[in-house]
Amino acid sequence: MKVTMEVGNDGVAVIKISNPPVNALAPIIIRGLKEKYMEAMNRDDVKAIVVTGEGGRFSGGFDINVFGTVHKSGDLSALPSVSVDLVVNTIEDGKKPSVAAIEGLALGGGLELAMGCHARISAPRTQLGLPELSLGIIPGFGGTQRLPRLVGISKAVEMMLMSKPIMSEEGKKLGLIDAVVSSEELLKVARSWALDIAERRKPWISSLQRTDKLGSLSEAREILKVARQQSRKTAPNMPQHQVCLDVIEEGVVFGGYSGVLKEEKMFNELVLSSTSKGLVHVFFAQRLTSKVPNVTDVGLKPRHIKKVAVIGGGLMGSGIATALILSNISVVLKEINTDYLQKGMKTIEANLRSLVTRGKMTEDKANKAFSIVKGVLDYAEFKDVDMVIEAVIENIALKQSIFSELEKVCPAHCILATNTSTIDLNIIGDKTTSQDRIIGAHFFSPAHVMPLLEIVRTAKTSPQVILDLMTVGKAIKKVPVVVGNCTGFAVNRTFFPYSQGAQFLAHLGVDVFRIDRVISNFGMPMGPFQLQDLAGYGVAMAVGKEFASSFADRTFRSPLVELLVKSGRNGKNNGKGYYIYEKGNKPKPDPSVLPIIEESRRIAKLMPGGKPVSVTDQEILEMVLFPVVNEACRVMDEGVVVRASDVDIASVLGMSFPNYRGGIVFWGDSVGSGYIYSSLKKWSEAYGSFFKPSRFLEERATKGLLLSDPVSKSQASKSRL
């Protein structure tokens, strides 16, 4: 980790950032830049400066680890003074010109550093962007001021608010980049450009002083007004979007330097916000999933998986097949008859078509992907597959017979995976002798879109098999989270009280549409009743039975779903559930469902004295989500996950829990274990065992510990991992 400087005979000082892998701007690098710049400014043999990065990358931005430190301590002094001190005073207002020689990527603070220079020369296909808002903050080294001045307000707002990078070729058209040259020519061109500025053959331009691309004040305000309205809709619970727009406006109205000062002030406030804490936690939680004790730390090398068989061409099977072929892994799709097989192949083709229509891939790539999937009706093609993923209906006998058959027809190295969402893997593999090769590959629907892959291991699954599946998961752009074997595994088990809590409230007399509204306002993409409509009632009944038999002490058996099915409703599948679904329209609450809910309430007899309870929106939120936190505590207590942050990332990627709240356990810690415990205790006394606090939660609350504090050694010895 260092910053070096070499002065050539041409009088150009080349300052190089070296902090692999992405040359992150750690405090020590920022100090080094300042020192080398001061030296270059004071040396008589230096006429101009080129700043660049080691190893084919300029810089991936400020070191995010520093935010983690600040979040723990609450002390902002760990943040170095960069914006005014380094970028404005030292680089932009320096007495010698600077040129940034950019390659690979210039993101966040990296791009901001480059924008402080007097010109930017880039290699082809270099990524440029300001993704800070995805971490709950705004650009903090002057990016909110310089980007609008270089590319115009409209494009700058789009790049910042959507954390959307562009390539250097587009950057050149927009005016962010002055020239795109080959990697071999990069330093040579940058040096001569710097000398041309020093000797006034090229203009000496400070981005912060430019106004030519800002347009008139009224135009600027109109763009910002539209962006504010849009952000209120798309990011209602995220303050950084509105703050970013306010700071841009400050600079437009009062000048760039004023904008830089406001940016620095607001950046410091946002760093300590709960949004930033949540998003930074999720960022690190995702990184941690790739570290699995006794799997990734024992010197194993992943084997190459070239060909995968998928059994079952339904919604899940065809989605899994799509995900694999998109990453160039050959697939054999097996079905039981021609009709089902054709349907499965058509679904895969439709998935690819949809990506082409949305501009996510070219026609040519889609055709290539489709050419590496082959539909079959028997096991003849299984003789050389490296992995099988079974994705048939949740039927134990069927799955057992498939796995017995697979053991006979597949090669001895072949991984035998199941996409079951709830069934115990030991039961599935009960009739085989290859239990070291059996593993859960639980995808979430739609499988080619949802980013989570829950990898379920049993006590007998070999570390090699786990590592291989983790590697495949990453290859198909999923985030693999390794979990232990139990009913529902980590995600579905943690969230089974989610729909149950909502059903409980509905049977206490609370309006189902109000419950959905409260949960949506919290940040879930939809409420539990609309989610049930979307998933289909068959799924709700099948999964409900699994959980009722495994966790009878805390299951609420709601009669409502069966009553809905009896009345001819099947959610989105047939357009009628709690909501009415019409093509081209948003789902609308269906008032004709209310008598069915009333009947269900009469059967359940939960309402005290037969009268609806009176609850606030906050109580609704807590009665739905605190039981989920409680179940997450049991999942951690039983060692179903490696660490608390794995439940967080799984809840964000698998259940769409709002990422800016940091995941279910992180959110639970922000609310406080004591408050969650006392609330659940109060409700369990009033309404029964569904709300009963777990032993783990009680212990944490009593000792004043965080839910996410590591599990004790004695507990870890019982781990399912």
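Since every read-out is calculated from the coordinates, none of them should be taken as a lab result. Predicted model, so just to flag it, every value in this text is computed and none were measured. For neighbour counting, all protein chains shown are included, and Cβ atoms are generated from backbone atoms with ideal geometry for every residue, glycine included.
The radius of gyration of the Cα set in segment 1-142, together with its Dmax, comes out at 14.6, 48 angstrom. For the chain, the share of DSSP beta bridges that are antiparallel, to the nearest 5, is 25%. Centre-to-centre, using Cα atoms only, segment 1-79 and segment 434-460 are separated by 43 Å. Residues in segment 511-518 carry Karplus couplings, in order, of 4, 5, 6, 5, 4, 4, 5, 4 Hz; the curve used is 6.51 cos²θ - 1.76 cosθ + 1.60 with θ = phi - 60°, and Gly or Pro positions show x.
In this simple spin-label approximation, R232 and E582 carry label points 7 Å from Cα along the Cα→Cβ vector, and these lie 2.8 nm apart. Translational diffusion of the chain, estimated by Stokes-Einstein from the Kirkwood radius over alpha carbon pairs at 4 °C in a medium of 1.567 mPa s, is 46 µm² per second. This ranking places D384, D590, D468 by how few other beta-carbon atoms lie within 10 Å of each, fewest first, which gives D384, D590, D468.
The separation of segment 494-538 from segment 171-225, counted between C-alpha centres, amounts to 52 Å. Per-residue 3J(HN,Hα) values for segment 275-284, derived from phi via the Karplus relation 6.51 cos²θ - 1.76 cosθ + 1.60 with θ = phi - 60°, read 4, 5, 4, x, 5, 5, 4, 5, 4, 6 Hz in sequence order (x marks Gly and Pro). Spin-label pair S678-E54: with each label point 7 Å from Cα along the Cα-Cβ axis, the two points sit 5.4 nm from one another.
In plain terms, the chain from K172 to F370 could stretch by 67.7 nm, reckoned as 0.36 nm per residue minus the Cα-Cα distance. Ordering H442, H304, H281 from the fewest to the most neighbouring beta carbons within 10 Å gives H304, H442, H281. Taking 4.7 Å between beta carbons as the limit, the unpaired Cys residues of the chain are C117, C244, C486, C633. Between Q435 and any residue 5 or more places off or on another chain, the built amide H atoms are never under 5 Å apart.
Close amide-amide hydrogen proximity is noted between D590 and Y579, I580, each under 5 Å apart and 5 or more residues distant or on a separate chain (H modeled in the peptide plane; Pro and chain starts excluded). At a Förster distance of 22 Å, what's the computed FRET efficiency of A552 paired with R602, Cβ-Cβ distance as r, to 0.05? Result of the calculation: an efficiency of 0.40. Between segment 679-693 and segment 560-618, the C-alpha centres lie 24 angstrom from each other.
DSSP finds beta bridges in segment 385-480, and of those with both partners inside it, around 30 percent are antiparallel. Here the extension length gained between H304 and N574 equals 92.9 nm, from 0.36 nm per residue of separation less the Cα-Cα distance. The H on the amide N of V310, modeled in the peptide plane, is under 5 Å from the matching H of V332, L333, K334, I389, each at least 5 residues off or on a different chain.
Remark: for residue pairs K172/K277; K343/K586; K399/K572, the C-alpha separation exceeds 31 Å in K172/K277. Each DSSP beta bridge with both residues in segment 2-272 is either parallel or antiparallel, and the antiparallel ones are about 30%. How high is the FRET efficiency between I427 and K545 when r is their beta carbon distance and R₀ equals 22 Å, given to the nearest 0.05? Rounded to the nearest 0.05, the efficiency is 0.90. Once the Cα-Cα distance is subtracted from the 0.36 nm per residue extended length, the K703 to E222 segment shows a gain of 167.8 nm. Once the mean of 1/r is taken over each pair of separate Cα atoms and inverted, segment 316-361 shows a Kirkwood hydrodynamic radius of 11.0 Å. Along segment 584-592 the Karplus relation, 6.51 cos²θ - 1.76 cosθ + 1.60 evaluated at θ = phi - 60°, assigns HN-Hα couplings of x, 10, 5, x, 10, x, 9, x, 6 Hz to successive residues, with x for each Gly and Pro.
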